[in-house]
Structures are given as C-alpha cells and as structure tokens.
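Please treat every number below as a calculation from the coordinates, not as lab data. Since the structure is predicted, the reported quantities are computational estimates derived from the model, not experimental observations. Don't worry about glycine lacking a Cβ; one is built from the backbone with ideal geometry, like all the others, and counts go over all protein chains shown.
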Amino acid sequence: RREANNRSFSFLLTCESARETSGTLTLSVRTGKGREALQATWEVLLPLLMEVERLFKQLTGARVDRYSACPRCRQPSFLGQWTHPEGARTSGGSVCSHCKDRVELGYLVPPRDVSTGTNLEGLTTVV
C-alpha cells in the first residue's frame, strides 16, 4: 500500500433543501510539513467548517452532509467526522475507496486538542 503524503486536502459540505437552492461547498487547504503545521491548519479550519455548516442549516428543511476528500485522488472518499473524530482516531488512518492509498488521520479529523477546545455543540454527522 502506498501512503498518501500530499499536504493538500479538501472538505465538502453538501446542502439539500426542499425550498431553497441546494449545492456543495468545497474547502481546500494546503499545509506545511509536520504535525504542528497540520494542527495550526485545523485550528483555523474547524471553526470555519462549523460556521458554514451552521449557516447551511438555517435553510428551510436543510440536510447537510460532510465529506473529506482523499489528498491523493481528490475524491470524497470519507465521511466528514471532524466533529466526532473519536471513531476515526481508533483506526490510525483510513484507506481511500477510490485509489486505495492509506490516508494519514490528520488529513481527515482534527487532533484531540483542537477538537476538544472547539464548541461542537449542535452539530451532528450524517451517516
């Protein structure tokens, strides 16, 4: 197995609403090397993702789905578990269903100290 080590990664939020326009927002990020750079990226990214989701949920009857894209093939291969990362953390990484590369966990969910220091109240992961 090859390991995806590209330092660029993307997150997708899709919103479907019965009464209003539906769409997808993609946030793409490129970070420096090392865990410190990845943590600094998540410290900015997690509150931004949460705020966008909160805004989407204000649409009438809105359903918001979260996805994380594989850093190598850019396909939305993973459920966006950034507000509930514990289940993903136990695996130590994940294999992309499209390109079969192993993706480092830090590209899929925030580190513990970032997610525990952020108010995640009211946000749920759609499965």
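Under the Karplus relation 6.51 cos²θ - 1.76 cosθ + 1.60, θ = phi - 60°, what is the ordered set of whole-Hz ³J(HN,Hα) values for region 45-55, x standing for Gly and Pro?
Each residue of region 45-55 in turn: 5, 4, x, 5, 4, 5, 5, 4, 4, 4, 5 Hz.
Ranked highest first by average number of other Cβ atoms within 10 Å, how do 35-46, 52-63, 67-78 line up? Present the calculation step by step, with values, prior to reporting the outcome.
Working: 35-46: 16.3, 52-63: 14.4, 67-78: 20.3.
Ranked by mean Cβ neighbours within 10 Å, highest first: 67-78, 35-46, 52-63.
Taking θ as phi - 60°, what are the ³J(HN,Hα) couplings along region 33-42 by the Karplus curve (6.51, -1.76, 1.60), each to the nearest whole Hz, with x for Gly and Pro?
Karplus values, whole Hz, x for Gly and Pro: 6, x, 5, 5, 5, 5, 5, 4, 5, 5.
Going by amide H atoms built from the backbone, whose H comes under 5 Å of the H on Thr83, apart from near neighbours?
So Thr83 has HN proximity to no qualifying residue.
Non-local amide H neighbours of Gln75 (under 5 Å, H modeled in plane, Pro and chain starts lacking H): which ones?
Here Cys70 satisfy the definition.
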